[in-house]
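Taking it in order: structure first as structure tokens, then the write-up.
The values are calculated or read from the model by the stated rules, or taken from the named source; none is laboratory data. Worth saying up front: this structure is predicted, and the values here are computed from it rather than measured. When we count neighbours, we look across all protein chains shown, and the Cβ atoms used for this are built from the backbone with ideal geometry, even at glycine. In case anyone asks, the SASA skips ligands and DNA or RNA and just uses the protein heavy atoms, side chains included. Shrake-Rupley method; radii C 1.70, N 1.55, O 1.52, S 1.80 Å.
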Amino acid sequence: MAGRSVVDAGAPLRDKVAEAQPSPASVIAAEIKGLVARGERDQARERFGALVALLQRRALRVAFQYLRNPDDADEAVQDAFVKVFVHIEQYREDLSFDVWFTRILVNASLDRLKARNRQQRFIAQASDDDERPVEQVPAAEASTERRLLARERWEQVTRAVANLPDRQRLVFTLSQVDQRTPAEIAAATGMSAATVRVHLFRALRKLRGALGEQA
Amino acid sequence: MNRRDEPDPTLADALDAYRAAAWAEVDAHFDERALEAQRQRILQKLAQAGQPARVLAFPGSASPLRPAAGISRRWISAAAAAGLLVGLVTGQLLHVMPGDAWVHRVAPRAAQSVSAGRMTLIPAVATTDADNALLDAIDVAVTTRGASDLRAFDDMTFAYEPR
């Protein structure tokens, strides 16, 4: 993973994810861009707090899937938000802010991962999560059998996801954890929509195979 | 996702469980307080990003350095000039009078003052033939018998020196 950029930051947003109805994040981002353009940076920063509050949980979920470490995920998300604000004037209102932000977030996560690897620190493997308490698997009213089954599935899928190639893992994470459409993933990663679909198809096929083997 | 990407029910269940657990895991790490703290850190970074670099005072004293008062500065200047003048005059005098003449003039005077004060001071500057003879005798003693006696200690000391 480290040493190879999965996301082409310089690639244009090929698949324009034009929003029929701009998302709340896109609306706030456009507002902030206007404030910065008028030199009202204090108000822009204030408004940016609302944007952070809107997106930070989702951002942490994506970053954590990459980094498997809460501190690193925290730093990556902070870096991403700071970059967004610094470059807010480059934001195009005709495109989805969420997709633009996802691209910046993924790159920030990859940067953090590379820095961590350079420091030769151990990357927590997904298998380390074997100690995950069953209670964290959300099945509040489920029976013990169902909870155990959910945990078993979690472990199987986690192992299989960890073994996916980088691009497949990226596409899978954005698709399944961040619930992005292939078009949004394509825009966020710089891949074509067809490439995203191929990666997603292969990832799901491998996961299906892994689950079948262990069943 | 098109039909080709559509997972089968078993896989779909597993993926749902995976997503839900992944979200729960992150939520367990980042509660509302952690999210608020993160927001504050981001806003602090943004506030600092717009400010020019701060220059630290050196030396790090609480009060800034003040220029010296006018009188003190004048005294310091005068003392420096006087010291320079005295040094130049002294240097010229030493140059005009050769070294031996200077020694022969100073040494008897020192001897007189010592005898007058009944003190046994050895004139530091004057070196007579008797002194030279004494120094030669010491030198010979050190380089012959004494040196051989000390050499054993030297060798032993070297042997115990830390590496």
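Heavy-atom accessible area, probed at 1.4 angstrom with all protein chains present, ranks B:W75, B:W23, A:W154 as B:W75, B:W23, A:W154, highest first. Under the simplified labelling scheme, the B:L135-B:L84 pair shows an inter-label distance of 3.7 nm, with each label point 7 Å from Cα along Cα→Cβ. Interface area, chains B and A: about 4000 Å² of buried accessible surface, summed, with a 1.4 Å probe and ligands, DNA and RNA left out. Would you tally the net charge around A:N163, using a Cβ to Cβ cut-off of less than 11 Å, leaving A:N163 out, and scoring K and R as +1, D and E as -1? Taking every Cβ under 11 Å from that of A:N163, the sum is +3.
When the other protein chains are added to the chain by itself, burial of at least 40 square angstrom of heavy-atom accessible area (probe 1.4 Å, ligands and nucleic acids ignored) affects these residues of the range A:32-62: A:R45, A:Q56, A:R57, A:L60, A:R61. For the range A:170-215, the normalised intensity computed at q = 0.13, 0.16, 0.17, 0.31 Å⁻¹ comes to -0.29, -0.42, -0.46, -1.05 (log10 of I(q)/I(0), Debye sum over alpha carbons, equal scatterers, no solvent).
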